[in-house]
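Structure first, then comments.
The values are calculated or read from the model by the stated rules, or taken from the named source; none is laboratory data. Just so it is clear, the structure is predicted and the values come from calculations on it, not from any experiment. Glycine also receives a Cβ, built like all others from the backbone with ideal geometry; neighbour counts cover every protein chain displayed.
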Amino acid sequence: MKKLDKVLLSIVVSLVVIGAVVGIFTKFSYKDNVSFSRISNDIDDYKIVVGDVDSDRAFYKSFYVENIKSLSDLELKSDYILKVRAEDDRKTLNNTLYTKVNVVKIYKGNDLKGKNYVYIYEPCFFDVYNKTFYSQWGYNFMHNNDEYIVFLRKIKAPQGYHYKNNEGISFLFTSVPYGKYKLKDIGEVIAVDEKKINQGLKYGDVKDLDIITSDSDVANRYESIKNEVLRKYK
């Protein structure tokens, strides 16, 4: 399995317990988990690798909603719509960024009332050994202390499974890259030249982009939905 294909595999493993096999997997998979604070001051010089939906479509469909065309699509397919503030409390967890966010406002998902924070699996990670930022499907991570409107889905647990620790308040984006929108200091939405990505862009070159894509259709749709989000959710 390619390294990018392993993004979010940990979510499945955390929910499906299969005796000693899972125990062995967990023992080894956690050895590379590192605190994000250990690498956050050095990431501008990391090279970037971007996975695309077409090459991983079956994997994508296992976790996210395809064919999002509009804000109404997002609203319909999402279990939760929240305004959140990203915290520094995050870690690289089995090839995702597992990020704690403060819940600022709830627009959909009243069962979260009274919850001050939730966790989001961000489909990207920083490989500290190879100095590389891996973005799945153009996703760029949430910056500390910035506020975002996020569209989230519950992680479906197997029948009879009981959530442990923070699993019950840990969520996936409804869609990538259309699942989050920055509210303050609005970032750029542009299509990045694919040749530049392939030739070795650094994370510092794209850190202010809302999404990292060379597909102008994706960039244009994201910007269109973003404009609607910013008008409706404040």
Taking Ile48 and the conditions (1) among the aliphatic types (A, V, I, L, M); (2) farther than 17 Å from Pro123 by Cα; (3) modelled with pLDDT under 90, which numbered condition does it fall short on, given that it satisfies the others?
-> (2)
Pairs, first over 14 Å from Val150 (Cα atoms) in the range 221-234, second part of a helix (DSSP H, G or I) and not hydroxyl-bearing (Ser, Thr, Tyr), C-beta under 9 Å, six or more apart | Ser224/Leu71
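Report, by residue number, each residue of the range 150-187 that is basic (Lys, Arg) and either assigned to a strand (DSSP E or B) or under 15 Å from Ser78 (Cα atoms) (or both). Before the answer, list the steps.
Let us first name the residues in the range 150-187 that are basic (Lys, Arg), namely 153-154, 156, 164, 180, 182, 184.
Result: Arg153, Lys154, Lys156, Lys180, Lys182.
If you take the residues in the range 83-116 that are among the β-branched types (Val, Ile, Thr), buried (at least 19 other Cβ atoms within 10 Å of the Cβ) and closer than 15 Å to Asp146 by Cβ, which one is nearest to the chain's Cα centre (by Cα)? First the steps, then the outcome.
Step one: list which residues in the range 83-116 are among the β-branched types (Val, Ile, Thr), which gives 84, 92, 96, 99, 101, 103-104, 106.
Applying the additional criterion that residues be buried (at least 19 other Cβ atoms within 10 Å of the Cβ) yields 84, 92, 96, 99, 101, 103.
Then drop every residue that is not closer than 15 Å to Asp146 by Cβ, which leaves 84, 99, 101, 103.
Details: Val84: 14, Thr99: 9, Val101: 12, Val103: 16 Å.
By that ranking, first place goes to Thr99.
If we scan the range 179-198, do we find a residue that is within 21 Å of Tyr119 (Cβ to Cβ) and among the aliphatic types (A, V, I, L, M)? Can you show your working first?
Step one: list which residues in the range 179-198 are within 21 Å of Tyr119 (Cβ to Cβ), which gives 179-183.
Narrowing further to those that are among the aliphatic types (A, V, I, L, M): 183.
There is at least one residue in the range 179-198 that is within 21 Å of Tyr119 (Cβ to Cβ) and among the aliphatic types (A, V, I, L, M).
Conditions tested, residue by residue: (1) among the hydrophobic types (A, V, I, L, M, F, W, C); (2) on the phi > 0 side of the Ramachandran plot; (3) surrounded by fewer than 20 Cβ atoms within 10 Å (Cβ to Cβ).
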residue: Val118; (1), (2), (3): yes, no, no
residue: Ser135; (1), (2), (3): no, no, no
residue: Gly138; (1), (2), (3): no, yes, no
residue: Tyr148; (1), (2), (3): no, no, no
residue: Lys164; (1), (2), (3): no, no, yes
residue: Phe173; (1), (2), (3): yes, no, no
Check off (1) within 19 Å of Ile155 (Cα to Cα); (2) touching a Ser or Thr at 6+ places or on another chain (Cβ under 8 Å); (3) among the hydrophobic types (A, V, I, L, M, F, W, C) for Ala86 and give me the number that stays unchecked.
-> (1)
Looking only at the range 58-69, decide whether some residue is closer than 19 Å to Ala219 by Cβ, aromatic (Phe, Trp, Tyr) and crowded, with 17+ Cβ neighbours inside 10 Å.
-> yes
Could you tell me whether the range 201-219 includes any residue that is at pLDDT 90 or above, under 20 Å from the mean Cα position of the chain (by Cα), part of a loop (DSSP other than H, G, I, E, B) and surrounded by 16 or more Cβ atoms within 10 Å (Cβ to Cβ)?
-> yes
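Pick from the range 87-133 the residues that are charged (D, E, K, R) and outside any strand (DSSP E or B): which of them is nearest to Asp45 (Cα to Cα)?
From the range 87-133, those charged (D, E, K, R) are 87-91, 100, 105, 108, 111, 113, 115, 122, 127, 131; that's our starting set.
Imposing the further condition that a residue be outside any strand (DSSP E or B) reduces the set to 111, 113, 115, 131.
Details: Asp111: 41, Lys113: 40, Lys115: 37, Lys131: 8 Å.
Out of the qualifying residues, it is Lys131.
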